[in-house]
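Down below is the structure, laid out as C-alpha cells.
Where a number appears in this text, it was derived from the coordinates with a stated rule and is not lab data. All figures in this text were calculated on a predicted structure; none of them were measured in a lab. FYI the Cβ positions are ideal-geometry reconstructions off the backbone, even for glycines, and counts take in every protein chain you see.
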Amino acid sequence: MNEEEAIRQHEESDRMSRDYSANNIQVLEGLEAVRKRPAMYIGDVGVKGLHHLVYEVVDNSIDEALAGHCDRIEVTILKDNSIQVLDNGRGIPVGFHEKEQRSALEVVMTVLHAGGKFDKGSYKVSGGLHGVGVSCVNALSDKTKVEVFREGKHYIQEYHIGKPLYAVKEIGESNIRGTKVTFKPDSSIFIVSEYSFDILSNRLRELAYLNKGILLALTDERHIDEDTNEYRRKEFYSDRGLADFIDYLDESREKLMPEPIQIEGEKNGVPVEVAMQYNTSFSENIHSYVNNINTHEGGTHLSGFRRALTRTLKSYADKSGMLSKLKFDISGDDFREGLTAVISIKVAEPQFEGQTKTKLGNSEVMGAVESMVGEALNHYLEEHPKEAKIIVNKVILAATARHAARKARELVQRKNVLGGSGLPGKLSDCSNRDPEKSEIYLVEGDSAGGTAKQGRDRFFQAILPLRGKILNVEKAMPHKIFENEEIRTMFTALGISIGTEEDPKALNLTKLRYHKVIIMTDADVDGSHIATLILTFFYRFMKEMIERGYVYIATPPLYLIKKGAKSEYAWTEEQREAISLNFAGNGSDKGVHVQRYKGLGEMNAEQLWATTMNPETRTLRKVNIENDVTADKVFSMLMGDEVPPRREFIEQNAHYANIDA
Ligand code: 0RA
C-alpha cells in the first residue's frame, strides 16, 4: 500500500467512525423522543397503546406476507404479559448496513421509521395507525429480543428500553425461516400491563379477513384450557377474505342474497376490495379500511364507494321500470339501508385526517374507487338479474320506510310545539343549566325513579324514569322510533333532535342538555336487558353521544353486609367474602348479616346516593366503542333475530363483552 492509499484509508475509516457515532447519537435521541412522548407515537399509554405495540410488530409480518413471503403469523401472550410474534417470512436482513455502520437488523430495531428502507421496490402498505415501526415498540419495552432464522442460521440481539445489549450475533444453525420478536412493555411507561385475549383476537380476526390466505394465531400462555389441558388458543384464517368478513358480521341477520357481492381490482395504482350483502335489517353497516386500518371517520374511499353505489343502483332501478309505482324520491340513504359492506383499499402514502386521524384525505382516491366499484357493480347487476331485483325491492322498501319516518317525525314535532315547554312531565330536571356540569339518570321503573329523585343532588342531577318497554331498534322499522313513547321522551329530555329534510339520520346535539347520560338499571338479567336496549338505541341512533364520551352505566352494589352498627357495601362476590370475613373477625360469623340487593328499589334514597349517585363515592363505567366491528356484532347478536348465535354468544360472554365500559 502506498502512502497516498494509506492516508485515504485512514481518512475513510475516520469518517466512518465519526458517522457511526453521529448515527448512534441520532438513534439515542430518537428513542429518547419516543420515551418522552409515547402518546405521540402510539396514541396513549393505557389499554389502547399497550395493544398497539402488538399491532405494530404484527404489521411488519403482514407486510412480509403481502410481499408474498410469509403465510403464518403466531402471536403468543407469555406468562409475564410479554408478547412474542413469530412469522415464517424471509427474516429481517442481518447483513452489514454500510451507511449506518451496523447490522441491518439493528437498524430496523433501533432507528425510527427504518422499517422498509432496504426494500425500495417493495410496496409497504400495512402499518399501524401511527405507522411508527418496531423500533418504537423496542424503545417502549423494558426488554426486547429479536431472533432471525435465515439461510440456515439463527441470529439474535437483545435490548433494554431500545438500546442493544450486544451486537447482532449468530448463535447456531436453524432449519426454519422467519423472524421472532419478543418484548415486555416498560411498566414505568404504561399504566396497564395486562394483555386482553379478546382485544388481540378481535384484531387478528380482522387482519385475517382483510388479508386472505394468512394464518394468524393467538396463544395465551397465562391460561390453560381445562378440557384440552393446552394453552388457550384461537386461529384465524380466511379463504374468501372480505366475503367471509361479511358473513361473520351478518351472522345474526337475515341475508337477502345467497352470496355477498365481491369486487376486487385496481384503479390508478389503488388496489380496491369490496364485499357487500343486503339483509332485512334497517341499519347501514359499512366498515372501511385503508392499509388494514379501520377508518372510523370514513374519507375519500368511502365517499367514492357511496357515490358508485347510489349512481349505479339508481340508474339500474330507473332502467328496470320497478320504480314506476313509487310516489316519492329515492335518496342516497335508501341504497344503504340494510346494507353490510366492507371496503378495503391500499394507498402508498395515505393522508389521515379528522379528530382521531381515521379519515382518509387523499383526493385522488375518490374517483378511483368510484369508477372501479361503479363498473364492477354494473357488471354484477347485469349478470345477476335475480339479486338485482332483490336489491331494488329493498331500496323501494327503504324509501317507503323513510317516507313514513318523515311523516312520524313531523307529527311528533308538531305535537311538541303544541305541548308548551316541551320537557316531558316525567322528567325531574336539575336546576343547573350548564350541560357540561349536568347529568341525567335514565332509571328503570317508577319506583327506583322515585328513590333516585329523593336521593339525588337536584342542582346538577336530573332523573328520568323509564317505564314501558323500550323499543328494540335492532328489529323495528325506523319510523317506529318516532312513535315509541319512551324513546321520544328521552330525545326531548336530552334536548336532542334527529333527522332533517336532507338527512333523516342527522343528529343535532347543539341543544344537548346534559354531558353525562347515566343508565341505571337493576343488577339482574332484566336490568341488563333494559340497559342493552338503551345502549343499542344510543349506538344505532346517537353514536356520537358514545363517541364523545357522554354515555355511562351506573354500578349499584350487589350486597350490603352488616354487623352491629358496622355496614359495608360489596360489588363483587370477592368483596362480599372479604368483608364478611373481616366483620366476623377471629370468631364465628354470627351476627354478620348479608343483604342481597335484587333491585334498585330495595335501597333507600340515602343508600342509593351513597353507593351509586354520589360523584365522590360512585363508580361510573364509561361506555366506549373499542372496536366498530365487535360493537356491531354485539348489538346485532343480542338484539337480533337469529337465536342460536345469540345463545352461544351469551354463554361465552356472560358479562358485557366488548362493550368495554
Ligand atoms: C426487508 C427485507 C427483507 C425482509 C424484511 C424486511 C422483513 C421484515 C420483517 C419484520 C417482521 N418480519 C419480517 N420479515 C421480513 C428481506 C430481503 C431479502 O431477503 O432479500
Which of the peptides 204-217, 315-328, 506-519 is most tightly packed, and how do the rest follow, going by the mean number of other Cβ atoms within 10 Å of each residue? 204-217, 506-519, 315-328
With 0.36 nm assigned to each residue of separation and the Cα-Cα distance removed, residue 529 to residue 622 gains 31.7 nm
Apply the Karplus parameterisation 6.51 cos²θ - 1.76 cosθ + 1.60, with θ equal to phi minus 60°, to every residue of segment 422-428 and state each ³J(HN,Hα) to the nearest whole Hz, in sequence, with x for glycine and proline. x, 7, x, x, 6, 6, 9
Give me the angle, in degrees from 0 to 90, between the Cα long axis of helix 485-494 and the longest principal axis of the Cα atoms of the chain, rounded to the nearest 10. 70
Listed residue (70, 340, 24) projecting farthest to the positive dipole end of the chain, Cβ model: 340
Using a basic spin-label model with each label point 7 Å from the Cα along Cα→Cβ, how many nm lie between residue 555 and residue 96? 5.9
Around residue 563, under 14 Å between beta carbons, what's the net of Lys plus Arg minus Asp minus Glu among the other residues? +2
Which one, 588, 520, 473, is farthest towards the positive end of the dipole of segment 471-599 when Lys and Arg carry +1 and Asp and Glu -1 on their Cβ? 588
For the residues 45, 75, what sequence is obtained by ranking on other C-beta atoms within 10 Å, fewest first? 45, 75
Euclidean distance of C-alpha centroids, segment 429-486 and segment 164-186, integer Å: 57
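At 222 nm, what value in deg cm²/dmol follows for the chain if DSSP H runs of at least 4 each add -39500 (n - 2.57) and the sum is divided by all its residues, to the nearest 500? Walk me through the numbers before you get to the answer.
Details: 19 runs with 254 residues, N = 661.
That comes out to -12500 deg cm²/dmol.
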Could you list which residues have their amide H under 5 Å from that of residue 559, counting only those 5 or more apart in sequence or on another chain, with H placed in the peptide plane? 570, 597
For residue 590 and residue 322 in the same chain, what is the full-extension length gain: residue separation times 0.36 nm, less their Cα-Cα distance, in nm? 88.7 nm
Cut-off under 5 Å, modelled amide H: who pairs with residue 97 long-range: 102, 103, 104
For q values of 0.05, 0.06, 0.10, 0.12 Å⁻¹, compute log₁₀ I(q)/I(0) with the Debye formula on a Cα-only model of the chain, without solvent. -0.30, -0.43, -1.07, -1.35
Taking the chain as the reference, fit the longest principal axis to its C-alpha atoms, fit the long axis of helix 643-652 to the helix C-alpha atoms, and give the angle between the two in degrees, 0 to 90, nearest 10. 70
In the structure displayed, which of 180/212; 184/516; 480/511; 598/622 lie more than 28 Å apart, Cα to Cα? 184/516
Under the 7 Å Cα-to-Cβ spin-label approximation, residue 80 and residue 393 lie apart by a distance in nanometres of 6.3
Rounded to the nearest 10 degrees, what's the angle between the helix 363-383 long axis and the longest principal axis of the chain, both from Cα atoms, 0 to 90? 70
Can you spot the lysines whose alpha carbon is less than 18 Å from residue 314's alpha carbon? Ignore those fewer than 8 places along the same chain. 325, 327, 386, 389, 394
I need the phi-derived Karplus couplings for segment 499-505: 6.51 cos²θ - 1.76 cosθ + 1.60, θ = phi - 60°, integer Hz, Gly and Pro marked x. x, 10, 4, 7, 10, x, 10
Can you list the lysines whose alpha carbon sits under 17 Å from that of residue 36, skipping same-chain ones fewer than 8 residues off? 163
Remind me, what semi-axes does segment 346-405 give for its equivalent ellipsoid, largest first in whole Å, using sqrt of 5 times each Cα gyration tensor eigenvalue? 32, 20, 8
So how much slack lies between residue 544 and residue 227, counting 0.36 nm per residue of separation and subtracting their Cα-Cα distance, in nm? 109.8 nm
Quick one: net charge around residue 171, please, counting Lys, Arg +1 and Asp, Glu -1 for every other residue with C-beta under 10 Å from its C-beta. -1
So for the chain, averaging the separation of alpha carbon pairs under 8 Å that are six or more residues apart and normalising by length, what relative contact order in percent results? 9
Assign unit charges at the C-beta atoms only (+1 for Lys and Arg, -1 for Asp and Glu), then state the dipole size of the chain relative to its Cα centre in Debye, rounded to the nearest 20. 2540
Rounded to the nearest Å, the spacing of the alpha-carbon centers of segment 582-632 and segment 228-293 is 40
Ranked on Cβ counts within 10 Å of their own Cβ, fewest leading, 238, 567 go 567, 238
